[in-house]
Amino acid sequence: MKAVEVRKLTKNYGDLRAVDEIDFEIEEGEIFGLIGPNGAGKTTTLRIVSTILTPSSGEVFVYGFELGSENDKIREIISYLPEEAGAYKNLTGFGYLDFMAGFYAKDVHDKGKIVEKAIEITQLGDRLKDKVSTYSKGMTRKLLLARSLMIHPRLAVLDEPTGGLDVVNSFEVRNIIKEFSKQGTTVLLSSHNMLEVEFLSDKVALIDRGRILEEGTPVDLKAKYKARNLEEVFVEVVS
Amino acid sequence: MNKFFNLLKKDTKELITVQLLIPIIIVIAMYSTIGNIMGSEMERATRPQQIAVVDFNGSALSNQVIDMLEKSNFIAVETGTFNVEDSINFARKKGINILVAIPENFEEDVVNLKQPEVEIYSIMKGLSVRETGTSTQVEAVFNVISNAISTNLITQKFTGIPPDVIKQPIKARDIVVVKDRMAQASPALVAQSAMNFSIFIPIILMLVTITSSQMIASLIALEKQNKTLETLLTVPVNRNFILLSKMVSAAIVAIIVTAAYLFAMTRFLGISQGPQASSDVMRALGLTLTTGDFLLLGISIFFAILSVLAVSTILAVYSEDEKSAQLMLTPIMVFVMIPYFLTIFTDVNTLSMPLRVLVYAIPFSHTFLATNNLMFGNVQFVIYGIIYQIIFSFVCILIATRIFSSDRLLTGRLRLARRRV
C-alpha cells in the first residue's frame, strides 16, 4: 500500500497559486524529501497532507484514507511538525508531552508509555520538569520532534525539521528521524537544505513556484544531471 | 470526551496565570482595606463628637443650649477660659476641631428677637476629605442650637401648644404606586432597595461579558502567537471540541474573575447583606423577582455570554497575537458599555426610535434590561429578548465553527500580512 498518493494537487490563495497540479507518491517506510527554495510551495503541500488546509483541487490519499472526507482517520495515523512550531509556554516539557499524549492514548497506562517514549527521544532529562519558556531553540525543537514521533505515527510530516538548529542539534535530530524510519514510520519532510535532504531521503522531489520539476532517488538524480550533490541538481533543473 | 477534558484542562490552565491572579488579589486586598478604613471612619463618625464651648453669657438659656448639644450626640467641653484665642488653643490641644462661642448678651437678644450671633469656629488642620466633613458637624451644631432656641421661644409665646406643631404644621406621607399596587414608602427607599438588582446585575454582566471576551480572544491569539495552533489542528480531535473547550474555559475563568471582583466590591461597599428593612415594601409593590424571573434572567445571562464568546472568537481568528486580539475586541467593549450606561442612567423607552433599534439590536442589551422588565412585570419583553439572543448566538456560533473548520483559522491573518507558501 502506498503511504501517500498526491494527484493533481492545487492550492490557490486568492489570485496566488501556491501549489500547481503536483503529483507524487510515497512508499511505506520511505523518507521522502520535498526540496526547494523559500516560497516554492513546500509548506502548503505539507499542511494539506496534514489536513490543516483544504486543497483547491486534486486528490490526496494517506494510507488509503481520502483527504477531505476522512480527515479524522488521517489525523489518527499522522503526526505533523510545523517549521515554526512552539509549545505552550506555561506548561513544563513533561506537561506538554502529557497533554499531547492525551489525544492518542487509549488509557492511562498507554499514555504513560507514550510519554516515556517521548522522554527517551528528547534526552532532556530533568529539564522536562522546567517550563517550556525556559528552553533554548534546540531543546524546544527536540521536544516537538519527540511529540511528533512518540506515538509511532504511520506518517510523520516534518517541515524543516532542523530549521534554525546548530550542527550538533541538527545531527541528533537527523539521527532520530533515521531511527524512526527504520522502525517503519514513513516520513515526508521538507527542507531548503538540500544536503540534509540528500543524507536523509530515500526519494526526493524538487519543487519550485508550486510545481514539481524533478523526482527520484538522490543517486539517480545526481547521475542524470551529472552533479556531485542535490544542490547542483537543483540549480541545473531550475536553469 | 476525554480529549475534550484534556483540552479544557490545558486551556483553563493557560488562562489562570500569575499575571491574571496578581491584579485580582491586589484589587481584593485594596478594596477590603479601603472598605475596612471607611467602615471604621463611619463608625467613628457616629460616635459622640467632642466640641469645645465657651459660654460668655452663662444664662439659663445658654445652659439649656449646652444641654441640648449634650443630648444630640455631642460632648460639650468647657474651655475654662473667657478668651477666644485661649479657647482655640485649648481645643487644639485636646484635638477638638469645633469651638462654639456663646455671646455675652445671648439670652437677652434671643428674648428680644435680635438674632444673636453664636460663633462656631472650625479648626482646620488640612484640606483632606475628613477635614471637609467638619462642615457637616458645624451645620449639625447650628441646627441643634437653633432648634433649642426656637423650642424655648415657642414654649414661652404659645403656651400649651407643642412646639413641633408650630415648627412643622403639616406632615407628608409618601406613597409609591407601581401598576395596581401601592405601598407607604419614599421613592428614594424603593430606589435604594432596588439597587442590588439595578446596579449590581449590570456590573456583574458587564464584567462577565468583557472578561469572557478577553479570555477567549487570548486563548485563540496565544495559539497563534506561540505557534501551537498548527500542531493542535492535526491532533485527532474534532475542531468543534477545540472551539468548545476554549469557550467553556473562557466562561469558567470569566465567572471566577467576576466573582472575585464582586466579592471585593461588596467588601468595599459593605452591602453584602442587602436592604433587608425595606424588603416588605418591595414585596408589597411586587418589585421582587420570582424563581421563574431568576430562571429567565439566568437564561438571558447565559445567552449574552454565549453571544460575546462567539463574536469574540470570530474577531480573534483575524488577529495575529494577543495584543492585536485585544484591539479587535474594542467594538465589543463599546457594545457592552452602551446598554450598561443606558440602563443605569436612562430609560431606554424614552430614547428616539433609531437609538432604541440600535440598543435592541445589541444582544447584551436584553440582559441589561431584563431585571427592570421582570420587576415591572414585562415578562413578554424579556422572552422576546431571549429569543433574539438565542438566534444571534446560534448564528454567531455557526459562523465561528465554520471559520474554525476552514483554512481561515490559519490564513485569516495572512490577508494582512504576506502569504507564506
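The values are calculated or read from the model by the stated rules, or taken from the named source; none is laboratory data. Predicted, not measured: the structure shown is a model, and the values here were computed from it. FYI the Cβ positions are ideal-geometry reconstructions off the backbone, even for glycines, and counts take in every protein chain you see.
Some values worked out for this structure:
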{"quantity": "B:A185 being among the small types (G, A, S) and more than 22 Å from B:S307 (Cα to Cα)", "calculated": "yes"}
{"quantity": "Odd one out for B:D180, checked against (1) over 29 Å from B:T46 (Cα atoms); (2) surrounded by 15 or more Cβ atoms within 10 Å (Cβ to Cβ)", "calculated": "(2)"}
{"quantity": "Pick from the stretch B:67-85, criterion out of contact with any Leu (no Cβ under 6 Å at 6 or more places or on another chain) and of a type in the set (G, A, S), ranking: surrounded by the most Cβ atoms within 10 Å (Cβ to Cβ)", "calculated": "B:S72"}
{"quantity": "When residues of the stretch B:306-327 are limited to those that are in a loop (DSSP other than H, G, I, E, B) and of a type outside the set (G, A, S), the one modelled with the highest pLDDT", "calculated": "B:Y318"}
{"quantity": "Tabulated pairs, the stretch B:197-222, first touching a residue at least 40 places away in the same chain (Cβ under 8 Å), second basic (K, R), C-beta under 9 angstrom, 6+ apart or interchain", "calculated": "B:M215/B:K246; B:I216/B:K246; B:L219/B:K246; B:I220/B:K246; B:A221/B:K323; B:L222/A:K89"}
{"quantity": "Failed item, numbered, when B:L410 is tested on (1) farther than 30 Å from A:I52 by Cα; (2) within 14 Å of chain A (Cβ to nearest Cβ)", "calculated": "(1)"}
{"quantity": "Residue in the stretch B:33-52 that is more than 30 Å from B:T266 (Cα to Cα) and either in contact with a Pro (Cβ under 8 Å, 6 or more places away or on another chain) or of a type in the set (D, E, K, R) (or both) present", "calculated": "no"}
{"quantity": "Residues of the stretch A:78-111 that turn out to be of a type in the set (D, E, K, R), more than 7 Å from chain B (Cβ to nearest Cβ) and closer than 17 Å to B:K224 by Cα, as a count", "calculated": "1"}
{"quantity": "Complete set of residues in the stretch B:172-183 that are at pLDDT below 85 and of a type outside the set (A, V, I, L, M)", "calculated": "B:K179, B:D180, B:R181"}
{"quantity": "Residue ID - nearest to B:T151 (Cα to Cα), chosen from residues in the stretch B:86-115 that are buried (at least 19 other Cβ atoms within 10 Å of the Cβ) and in contact with an Asp or Glu (Cβ under 9 Å, 6 or more places away or on another chain)", "calculated": "B:F106"}
{"quantity": "Residue count for the stretch B:174-203, restricted to those that are in contact with a Ser or Thr (Cβ under 6 Å, 6 or more places away or on another chain) and assigned to a helix (DSSP H, G or I)", "calculated": "5"}
{"quantity": "Search result, residues across the stretch B:328-379 that are of a type in the set (F, W, Y) and either over 17 Å from B:I210 (Cα atoms) or not in a helix (DSSP H, G or I) (or both)", "calculated": "B:F345, B:Y360, B:F364, B:F376"}
{"quantity": "Residue check for B:F381: surrounded by fewer than 19 Cβ atoms within 10 Å (Cβ to Cβ) and within 27 Å of the chain's Cα centre (by Cα)", "calculated": "yes"}
{"quantity": "Scope the stretch B:380-407; condition charged (D, E, K, R) and not in a helix (DSSP H, G or I); matching residues", "calculated": "B:D407"}
{"quantity": "Residue, nearest to the other protein chains (Cβ to nearest Cβ), within the stretch A:55-77, restricted to residues that are under 15 Å from A:H152 (Cα atoms) and buried (at least 19 other Cβ atoms within 10 Å of the Cβ)", "calculated": "A:R75"}
{"quantity": "Some residue of the stretch A:158-170 being at positive phi and assigned to a helix (DSSP H, G or I)", "calculated": "no"}
{"quantity": "Residues satisfying the stated conditions in the stretch A:187-215, i.e. more than 15 Å from A:V235 (Cβ to Cβ), of a type outside the set (A, V, I, L, M, F, W, C) and touching a strand residue (DSSP E or B) at 6+ places or on another chain (Cβ under 7 Å)", "calculated": "A:S190, A:S191, A:S201, A:D202, A:K203, A:G210, A:R211, A:E215"}
{"quantity": "Qualifying positions in the stretch A:199-239 - in contact (Cβ under 8 Å) with a residue 60 or more places away in the chain, more than 17 Å from A:E25 (Cα to Cα) and of a type outside the set (A, V, I, L, M)", "calculated": "A:D208, A:R209, A:F234"}
{"quantity": "Residue among A:V132, A:V157, A:V168 that alone is free of Cβ contacts under 8 Å to residues at least 60 places away in the same chain and within 13 Å of another protein chain (Cβ to nearest Cβ)", "calculated": "A:V132"}
{"quantity": "Matching entry among B:V336, B:V357, B:V317 (being within 32 Å of the chain's Cα centre (by Cα) and buried (at least 21 other Cβ atoms within 10 Å of the Cβ))", "calculated": "B:V336"}
{"quantity": "Residue that is surrounded by the fewest Cβ atoms within 10 Å (Cβ to Cβ) [pool: residues in the stretch B:361-378 that are over 24 Å from the mean Cα position of the chain (by Cα) and either free of Cβ contacts under 8 Å to residues at least 40 places away in the same chain or closer than 30 Å to A:G68 by Cα (or both)]", "calculated": "B:A361"}
{"quantity": "Residues of the stretch B:298-353 classified as in contact with a Gly (Cβ under 6 Å, 6 or more places away or on another chain) and among the aliphatic types (A, V, I, L, M), total", "calculated": "1"}
{"quantity": "Unmet requirement for B:Q19, which otherwise passes all of (1) surrounded by fewer than 16 Cβ atoms within 10 Å (Cβ to Cβ); (2) among the polar types (S, T, N, Q); (3) over 30 Å from A:F94 (Cα atoms); (4) under 38 Å from the mean Cα position of the chain (by Cα)", "calculated": "(3)"}
{"quantity": "Sole exception among (1) within 13 Å of chain A (Cβ to nearest Cβ); (2) of a type in the set (F, W, Y); (3) under 22 Å from B:L20 (Cβ atoms) for B:F241, by number", "calculated": "(3)"}
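Table: residues versus (1) among the basic types (K, R); (2) out of contact with any Leu (no Cβ under 9 Å at 6 or more places or on another chain).
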| site | (1), (2) |
| --- | --- |
| A:V167 | no, yes |
| A:R174 | yes, no |
| A:H192 | no, yes |
| A:D202 | no, yes |
| A:L206 | no, no |
| A:E214 | no, no |
| A:A227 | no, no |
| A:E236 | no, yes |
